[in-house]
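Take a look at the structure set out below.
The values are calculated or read from the model by the stated rules, or taken from the named source; none is laboratory data. Bear in mind the structure is a predicted one, so any value in this text is a computation, not a measurement. Please note: Cβ atoms are built from the backbone with ideal geometry, for glycine as well, and neighbour counts cover all protein chains shown. The protein model used for the area step is the full one, side chains on, heavy atoms only, and it has no ligands, DNA or RNA in it. Shrake-Rupley method; radii C 1.70, N 1.55, O 1.52, S 1.80 Å.
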Amino acid sequence: MLNDTELAANLKAKARELGFELVGITPAVTPLGVSALKEWLERGFAGEMHYIERRLDAYANPSRVLVGVKSIVILATNYRTVEPPPVDATSGRVARYAWGGGDYHDLLRERMQPLTALLHEARPQARTRMVVDTAPLLERDFARMAGLGWFGKNTMLIHRRAGSWLLLSAILTDISLPPDAPHETSHCGTCTRCLDACPTDAFVEPFVLDATRCISYLTIELRGTSIPEPLRDGMGEWVFGCDVCQEVCPWNRKSPLSNDPAFLPQSGLDRLELPSLFALSEAEFQQRFSGTPLERSGRVGLLQNAAIRLGNSNDPAALPPLRIGLNDPSPIVREAVLWAITKIESTESPTS
């Protein structure tokens, strides 16, 4: 029978074999970030993400996710594949993690299954739970505690070799596994490139993000309401998510490229063509985007994002598809389309 140290070593070796870029183990204790999370919520930076506040007590106690939990295995998956293609006046940028077309939640759960199987084989009475974003677990805090990196000023977890193009997932278990040493130092120094580059000034100070100004929040999480006009110009070419603060980070210059087929661009998702979106019914939207990350924005959200991006192009070539959107059933889409048309028509056409 394997002892705990041997089991942990086998688990890490298996994780690397399965394609996880990083793996570490930490005790299931109250994370230090809980107090910062509470303050962040009190400052109103969560916007419409009310589920975070509702689950605040659970974030402080991993046993609310798995009763009797003793150890947490933190895994990081590299999703940096190829460089983003240029966009033209009628296309928009999509965050890299969504290029593969599949739901990374399902992908990572599937990849973690052999690890939970290994744990159950070694300890038949063990209890485990896999987590990918959806449970009240501060994965980033536990990743630092497991030695996987430090928090950048853009709030991302950064690893000296792997950078920050990482998706975090976790396995909670009631087995007591030997922990790794936490990452105690920061290596951002005086660099403020991520803060300075944010197009919507979403960082109120180093290490603090006002999500209500973040392009990722605006294009994905904000539901049932119009994106505030003062933030629209800053959204630039983005229609789903944003990678700006990671693209400028020096630690990502030499971060490894992944050839993982799950994150290679599929179906043109690395550069989304926008004109055809305005002709999509709800059923057609679901047919095209169901099972992809872009489904999360919903039809109304994605069309609002598309309209704003076309408006930001200031190019008359974007007017024909926008005019289709003037008859959209959603008032949110119609308002964004009218804003975009007005913006383009009031701007002098670029010379050829």
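Residue count for segment 168-180 under the criterion of being open to solvent by less than 20 Å² (accessible area, probe 1.4 Å), hydrophobic (A, V, I, L, M, F, W, C) and touching a Phe, Trp or Tyr at 6+ places or on another chain (Cβ under 9 Å): the result is 1.
Before we move on, is Thr5 assigned to a loop (DSSP other than H, G, I, E, B) and out of contact with any helix residue (DSSP H, G or I) (no Cβ under 7 Å at 6 or more places or on another chain)? No, not satisfied.
Residues in segment 131-157 that are surrounded by 21 or more Cβ atoms within 10 Å (Cβ to Cβ) and farther than 30 Å from Arg193 by Cβ: Val131 only.
Candidates are the residues of segment 62-103 that are among the aromatic types (Phe, Trp, Tyr) and open to solvent by less than 30 Å² (accessible area, probe 1.4 Å); the one that is nearest to Pro182 (Cα to Cα) is Tyr79.
Here is a yes/no grid of residues against (1) under 15 Å from the mean Cα position of the chain (by Cα); (2) among the aliphatic types (A, V, I, L, M); (3) within 21 Å of Ala13 (Cβ to Cβ); (4) in a strand (DSSP E or B):
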site: His120; (1), (2), (3), (4): no, no, yes, no
site: Ala126; (1), (2), (3), (4): no, yes, yes, no
site: Met130; (1), (2), (3), (4): no, yes, yes, yes
site: Thr134; (1), (2), (3), (4): yes, no, no, no
site: Arg140; (1), (2), (3), (4): yes, no, no, no
site: Ala143; (1), (2), (3), (4): no, yes, yes, no
site: Leu148; (1), (2), (3), (4): no, yes, yes, no
site: Lys153; (1), (2), (3), (4): no, no, no, no
site: Ile158; (1), (2), (3), (4): yes, yes, no, yes
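Applying the criterion of being open to solvent by 20 Å² or more (accessible area, probe 1.4 Å) and among the hydrophobic types (A, V, I, L, M, F, W, C) to the residues of segment 255-290, the residue that is farthest from Arg193 (Cα to Cα) is Ala283.
Of the helices (runs of 4 or more DSSP H) that lie entirely inside segment 286-352, those containing 3 or more residues that are touching a helix residue (DSSP H, G or I) at 6+ places or on another chain (Cβ under 7 Å) and within 30 Å of His105 (Cβ to Cβ) span 298-313, 331-345. Selection over segment 162-187 of residues that are outside any loop (DSSP other than H, G, I, E, B) and either under 30 Å from Arg232 (Cβ atoms) or under 17 Å from the mean Cα position of the chain (by Cα) (or both) gives a count of 6.
Quick check on segment 193-211. Is at least one of its residues open to solvent by less than 70 Å² (accessible area, probe 1.4 Å), assigned to a helix (DSSP H, G or I), in contact with a strand residue (DSSP E or B) (Cβ under 9 Å, 6 or more places away or on another chain) and modelled with pLDDT of 95 or more? Yes: one or more hits. The set of residues from segment 212-243 being over 12 Å from the mean Cα position of the chain (by Cα), buried (at least 21 other Cβ atoms within 10 Å of the Cβ) and in a helix (DSSP H, G or I) comprises Arg213, Leu218, Arg232, Met235. Every condition in (1) open to solvent by 70 Å² or more (accessible area, probe 1.4 Å); (2) under 30 Å from Gly149 (Cβ atoms) is met by Asn252 except one, and the failing one is (1). Residue selection: Glu121 satisfies the criterion of being within 30 Å of Thr5 (Cα to Cα) and not polar (S, T, N, Q). Checking the stated criteria, Thr190 turns out not to satisfy the condition of being modelled with pLDDT of 95 or more, within 15 Å of the chain's Cα centre (by Cα) and either in a loop (DSSP other than H, G, I, E, B) or not small (Gly, Ala, Ser) (or both). Annotation note: Cβ proximity below 7 Å between a residue of segment 20-39 that is open to solvent by 30 Å² or more (accessible area, probe 1.4 Å) and a residue that is among the small types (Gly, Ala, Ser) (sequence gap 6+ or interchain) occurs for Glu21/Ala76; Glu21/Ala162; Pro27/Ser71; Thr30/Ala60. Taken over segment 33-64, the criterion of being assigned to a loop (DSSP other than H, G, I, E, B) and either under 21 Å from the mean Cα position of the chain (by Cα) or modelled with pLDDT under 95 (or both) is satisfied by Gly44, Phe45, Ala46, Gly47, Glu48, Met49, Arg55. Among the residues making up segment 181-191, those that are open to solvent by less than 50 Å² (accessible area, probe 1.4 Å) and either more than 27 Å from Met112 (Cα to Cα) or of a type in the set (Ser, Thr, Tyr) (or both) are Cys188, Cys191.
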